[in-house]
Amino acid sequence: MRIGELAARTGVSVRSLRYYEEQGLLASLRSPSGHRRYVEGQVERIILIQRLFSAGLNSRTIVDLLPCVESPSTATSEAAFERMRQERDRIDRHIEDLIKTRAVLDELIIANRAYRRELASA
């Protein structure tokens with residue numbers, strides 16, 4: 001199938017599909033005229049890639065996980081599990097940082113309210 005059909009079937013833009021190919025997430029065959037051609041299995045691969053992006057993973061991490069899908073084995077499954085666990089830990093640390101940042105912002109909001117009350121009563 002051509003890139004436009006793959007885009008329509010997956011709900012992913014043509015631009016995104018080209019990006020996926022640049023990042024090594026997706027491969028295409030080329031017609032004699034140079035047009036990208038995809039096999040039926042690419043539809044499910046795009047759906048998986050979209051799910052992985054929705055989980056907050058970047059393209060480099062997704063490339064690290066794909067061997068588990070392409071060549072299933074105990075080793076690739078263990079590697080994918082460890083990589084996903086590392087990403088979850090990274091997200092947890094980011095959430096902790098955001099919570100601290102929000103607490104500082106809350107303090108600034110409280111200080112601003114007090115200052116505005118002072119201004120209004122002056």
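The values are calculated or read from the model by the stated rules, or taken from the named source; none is laboratory data. The model shown is predicted, which means the values in this text are computed figures rather than measured ones. Ideal geometry is used to build each Cβ from the backbone, glycine not excepted, and the neighbour counts take in all protein chains shown.
Details
- Extreme residue, farthest from Asp64 (Cα to Cα), among residues of the stretch 13-31 that are among the basic types (Lys, Arg) and assigned to a helix (DSSP H, G or I): Arg15
- Sole residue being in the same structural domain as Arg9 (by TED's automatic domain parsing), exposed (fewer than 12 other Cβ atoms within 10 Å of the Cβ) and either of a type in the set (D, E, K, R) or not in a loop (DSSP other than H, G, I, E, B) (or both), chosen from Glu78, Glu44, Glu82: Glu44
- Filter result for Ser73 (among the polar types (S, T, N, Q) and surrounded by fewer than 13 Cβ atoms within 10 Å (Cβ to Cβ)): yes
- If the condition is being surrounded by 15 or more Cβ atoms within 10 Å (Cβ to Cβ) and either out of contact with any helix residue (DSSP H, G or I) (no Cβ under 6 Å at 6 or more places or on another chain) or not hydroxyl-bearing (Ser, Thr, Tyr) (or both), then the stretch 2-19 contributes Ile3, Leu6, Ala7, Arg9, Val12, Ser16, Leu17, Arg18.
- On inspection, Glu96 fails the criterion of being assigned to a helix (DSSP H, G or I), exposed (fewer than 12 other Cβ atoms within 10 Å of the Cβ), in the same structural domain as Val12 (by TED's automatic domain parsing) and not small (Gly, Ala, Ser).
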